[in-house]
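Notes to accompany the following structure.
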């Protein structure tokens with residue numbers, strides 16, 4: 001595809017120049033994004049309510065517009081889904097990305113505007129390839145097709161005016177016609193909502209394609225790859241797609257899956273590129289293969305704010321803009337977007353590993369943590385500790401979850417872990433010990449609670465039976481797509497459900 005390659009290379013060169021500009025001038029890029037968002041939404045119902053036309057800067061905006069969660073903006077979203085327009089954003093909103101819910105709702109429905117599709121989500125996908133080809137000028141990624149493992153929810157009709165589904169399904173539905181020349185499988189197969197049927201048809205239709213790159217959530221892509229190897233009798237993925245060179249992944253941490261992918265795709269030429277894309281927007285891309293952080297994308301229709309985690313429970317938490325953040329501090333991410341989400345607390349926490357350019361790592365969720373005893377374990381802590389434990393015991397992990405063991409009259413508290421191993425540790429007791437010791441090294445609050453076992457006992461670790469988490473998700477109707485296992489919880493809901501299922505299946 002020489003013509004496609006030459007056109008793409010020209011466009012990528014232009015885009016890399018734009019990316020270099022916001023690397024050097026991050027605050028200017030965010031000011032421009034902010035001004036454009038406020039100006040475009042000034043005549044909406046929301047914009048009139050908060051008098052956007054008179055807003056003069058960041059502090060004005062923060063003083064006037066309250067922070068929002070889904071529950072607080074839901075009344076507007078419900079009206080949008082019924083067909084009302086010009087509420088949060090001026091252009092027509094007819095697409096809604098369905099994602100995991102809140103404490104009061106099974107699902108959230110995130111509005112997706114035409115601007116968000118073009119300037120954020122599709123722009124993010126193009127930026128992945130722009131950055132990748134810039135770093136790998138000899139790439140042959142455009143000589144074949146990209147395989148995208150879409151969501152488990154097809155597009156459904158809510159009313160005559162609106163549709164909902166997984167974000168990936170919405171993106172596939174809205175791709176231009178020419179995209180079919182560079183991607184696989186067909187739209188019809190990609191949008192199937194029955195997971196087992198989708199696996200079978202994806203295998204049949206992609207087996208003889210020249211797949212050079214894959215995009216998706218690591219856990220579900222792995223299920224697909226293992227399924228294809230099992231059905232074809234091949235030893236590794238390169239025997240099916242010899243020209244495969246790139247996997248762009250997101251949705252969950254890649255750390256527990258890295259070693260398994262190296263075995264599935266045994267090539268030093270294989271590249272892995274992490275992305276931070278959510279239903280609410282496309283936020284960051286790993287721009288250097290030798291680093292494991294991601295460049296925050298500052299010019300794709302998203303204005304960012306950052307709440308220091310020590311402020312998050314306050315009635316009026318202080319939020320910082322891009323020019324005020326510090327290195328290695330944990331922040332709750334707040335976004336204002338070109339889909340009409342305003343000062344929206346997305347639920348993720350990040351920290352900055354670099355300033356100028358601004359690079360981040362996802363540290364966890366504002367609600368996915370264990371803090372039953374003041375220990376404040378976040379996903380970043382868990383991933384580091386599990387990585388160390390695996391390294392010292394020759395283990396690899398497929399999935400895991402953890403929660404608290406609450407104190408009783410005669411028992412101290414603790415943490416209970418349920419881990420599904422791809423490869424069992426040499427010694428589970430040693431694995432548990434290293435997990436515990438590493439958590440103490442990376443988290444001083446946990447270390448203090450573990451001191452001489454005064455508050456917390458050592459962690460209790462169970463090895464889960466094979467495919468336990470798969471069966472649990474299947475029972476909940478959440479196979480495939482962007483559905484993921486909750487890693488940490490401050491209660492025992494997920495843990496107890498899984499332990500009950502473990503007993504039933506044993």
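No value in this document is a laboratory result; all are computed from the given coordinates. The structure displayed is predicted, hence computed values, not measured ones. FYI the Cβ positions are ideal-geometry reconstructions off the backbone, even for glycines, and counts take in every protein chain you see.
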Quiz item: Extension gain residue 453-residue 504, at 0.36 nm per residue separation less the Cα-Cα distance, in nm?
Solution: 15.1 nm
Quiz item: Given the C-alpha centroids of segment 237-313 and segment 453-506, what is the distance between them in whole angstrom?
Solution: 24 Å
Quiz item: What is segment 383-506's relative contact order, in percent, from Cα pairs under 8 angstrom and six or more apart in sequence?
Solution: 31 percent
Quiz item: Rounded to the nearest 500, what is the chain's calculated 222 nm mean residue ellipticity when only DSSP H runs of at least 4 contribute -39500 (n - 2.57) each, over all residues?
Solution: -11000 deg cm²/dmol
Quiz item: Sorted from fewest to most neighbouring beta carbons within 10 Å, what does the list 123, 487 look like?
Solution: 123, 487
Practice problem: For the chain, calculate the relative contact order in percent as a whole number, restricting contacts to Cα pairs under 8 Å that are 6 or more residues apart. | Solution: 13 percent
Quiz item: Among 108, 14, what is the fewest-to-most ranking by other Cβ atoms within 10 Å?
Solution: 14, 108
Practice problem: Evaluate E = 1/(1 + (r/R0)^6) for residue 292 and residue 107, where r is the Cβ-Cβ distance and R0 equals 56 Å; express this FRET efficiency to the nearest 0.05. | Solution: 0.95
Quiz prompt | Net length gained if the chain between residue 78 and residue 465 were fully extended (0.36 nm per residue, minus Cα distance) | solution = 135.2 nm
Quiz item: For segment 379-505, what log10 I(q)/I(0) values come out of the Debye formula at q = 0.23 1/Å, with one point per alpha carbon and no solvent?
Solution: -1.46
Quiz item: Taking a ≥ b ≥ c as the square roots of the eigenvalues of the Cα gyration tensor of segment 177-236, is the shape rounded (a/c under 1.5), prolate (a/b larger than b/c) or oblate?
Solution: prolate
Practice problem: Using packing as a proxy for protection, rank 437-444, 417-424 so that the peptide with the highest average count of other Cβ atoms within 10 Å comes first. | Solution: 417-424, 437-444
Quiz item: Rg(Cα) of segment 184-324 divided by 2.2 N^0.38 Å?
Solution: 1.30
Quiz item: Of the beta bridges DSSP finds with both residues in the chain, what % are antiparallel, to the nearest 5?
Solution: 65 percent
Quiz item: Taking all pairs of different Cα atoms in segment 1-300, averaging 1/r and flipping that mean, what Kirkwood radius in angstroms comes out?
Solution: 20.9 Å
Self-check item: Normalised contact order of segment 1-300, rounded percent, pairs of Cα under 8 Å and 6 or more residues apart
Solution: 16 percent
Exercise. Of the DSSP beta bridges with both residues in segment 1-300, give the percent that are antiparallel, rounding to the nearest 5.
Key: 45 percent
Self-check item: 80, 505 arranged by Cβ crowding within 10 Å, fewest neighbours leading
Solution: 505, 80
